[in-house]
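Reviewing the structure listed below.
The values are calculated or read from the model by the stated rules, or taken from the named source; none is laboratory data. Everything numeric here is computed off the predicted structure, so don't read it as measured data. Counting neighbours? That spans all protein chains shown, and the Cβs are built from the backbone with ideal geometry, glycine included. Heavy atoms of the whole protein, side chains included, go into the accessibility calculation; ligands, DNA and RNA do not. Shrake-Rupley method; radii C 1.70, N 1.55, O 1.52, S 1.80 Å.
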Amino acid sequence: MKNRLSFRVALCGVLAALMVAIMLLGTIIPSTTYLCPALSGMLLIPVVWEMGTKTGGLLFGAVSLLSLLLAPDKEAALCFLLLFGWYPLMRPKIQHLKKKPLQWVIKILLFNFALVLIFALTFFVLGLPIVENPGQAWTKPLLAGTLALGNLCFVLYDVLLSRVSDLYVLRLRPKLFPHHFP
């Protein structure tokens, strides 16, 4: 195909613009601080399938930088940078491990490390309070419950990524890129 490079640049440019627009949408709707980065991360699936992890990594870097610069909701930008942006790139590599329990242990450990890092940066660098009164008796159970609920949501997100990837490969890819198929 003669215009392969121009096709790659155009596809990545359109997806980058769409991902940044979704990240900016998180500012308009305040309760989507975690939803918009997750949706933006899912848009990396076609890039990984069509152009590889390196191109996906470049797209992730560009969208992360633009999100940090343009998005008023810095917590959402941090969520994309530290979790939802790189995870769709790393997930196929983790999936190649032979043992399922080992895959899940690695995924959960990476998620918890990223979540603690996001909360620490949000609290210490950005100065946003995680809880209003940290000395109250209900604060520790609230944080533990939030962490448990976050792990459950991450497992659901991982399953959703798998389903969206299957949907892309089996249904959308043959229609969007017919030159790949006989």
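If I take R0 = 45 Å and measure r between the Cβ atoms of L172 and K140 in this structure, what FRET efficiency does the formula 1/(1 + (r/R0)^6) give, to the nearest 0.05?
Numbers: r = 45 Å, r/R0 = 1.00.
Between L172 and K140 the formula returns 0.50.
Using Cα pairs closer than 8 Å and at least 6 residues apart in sequence, work out the relative contact order for segment 14-106, in percent. Working shown, then result.
Numbers: 99 pairs, mean separation 30.2, N = 93.
The normalised contact order for segment 14-106 reaches 32 percent.
Rank-order 13-19, 166-172 by packing density, defined as the average count of other C-beta atoms within 10 Å over each peptide's residues, highest first.
Highest-to-lowest ranking by the protection proxy: 13-19, 166-172.
Considering only F124, F111, F154, give the residue with the highest GNM mean-square fluctuation for the chain, with springs between Cα atoms whenever their separation is below 10 Å.
Maximum fluctuation in the GNM of the chain, among the listed residues, is at F124.
Stokes-Einstein at 10 °C, 1.306 mPa s, Kirkwood radius from Cα pairs: D for segment 12-55 in µm² s⁻¹? Before the final figure, lay out each step's value.
Numbers: Rh = 10.9 Å.
Answer from the Stokes-Einstein relation: 146 µm²/s.
If you put +1 on each Lys and Arg Cβ and -1 on each Asp and Glu Cβ, how big is the dipole of segment 1-93 around its Cα centre, in Debye rounded to 20?
On the way: 7 positive and 3 negative charges, 90 e Å.
In debye, rounded to 20, segment 1-93 gives about 440.
Please report, as a whole percent, how much of the solvent-accessible surface of the chain comes from carbon and sulfur atoms (probe radius 1.4 Å).
Carbon-and-sulfur percentage of accessible area, whole number: 75.
Taking the Cβ-Cβ separation of L18 and N151 as r and a Förster radius of 25 Å, what is the calculated FRET efficiency to the nearest 0.05? The partial results should precede the final answer.
Details: r = 29 Å, r/R0 = 1.15.
Result of the calculation: an efficiency of 0.30.
Can you tell which of I108, I29, I94 shows the greatest fluctuation in a Gaussian network model of the chain with Cα springs below 10 Å?
I29
Just need the relative contact order of the chain here, percent rounded to a whole number, with Cα pairs under 8 Å and 6+ apart. Show your work: numbers first, answer last.
On the way: 133 pairs, mean separation 33.1, N = 182.
Computed over the chain, the figure is 18 percent.
Just the Kirkwood number for segment 1-105, please: inverse of mean 1/r across all distinct Cα pairs, in Å, one decimal.
Working: mean 1/r = 0.0702 Å⁻¹.
Result for segment 1-105, one decimal place: 14.2 Å.
Just how many pairs of Lys in the chain have C-alpha atoms closer than 29 Å, counting pairs that are eight or more places apart or on different chains?
Summing the qualifying lysine pairs gives 17.
With the calculation restricted to Cα positions, what are the radius of gyration and Dmax of the chain in angstrom?
Looking at the chain, its Cα Rg and Dmax stand at 17.9, 66 Å.
How much accessible area per residue does the chain have, in Å², with a 1.4 Å probe?
Numbers: 10840 Å² over 182 residues.
Roughly 60 Å² per residue, with all protein chains present.
Which Cα, out of L121, T27, G52, lies furthest along the positive dipole direction of the chain (beta carbon charges, K/R +1, D/E -1)?
G52
When the chain is modelled as a GNM with alpha-carbon springs shorter than 10 Å, which of K107, K99, K54 fluctuates the most?
So, out of K107, K99, K54, the one fluctuating most is K99.
Can you list the residues of segment 1-41 with backbone N under 19 Å from a point 7 Å past the Cα of L58, pointing along Cα to Cβ?
1-20
To the nearest 20 debye, what is the magnitude of the charge dipole of the chain about its Cα centre, counting +1 on the Cβ of each Lys and Arg and -1 on the Cβ of each Asp and Glu? It would help to have the intermediate numbers written out before the result.
Working: 16 positive and 6 negative charges, 187 e Å.
That gives a dipole near 900 debye.
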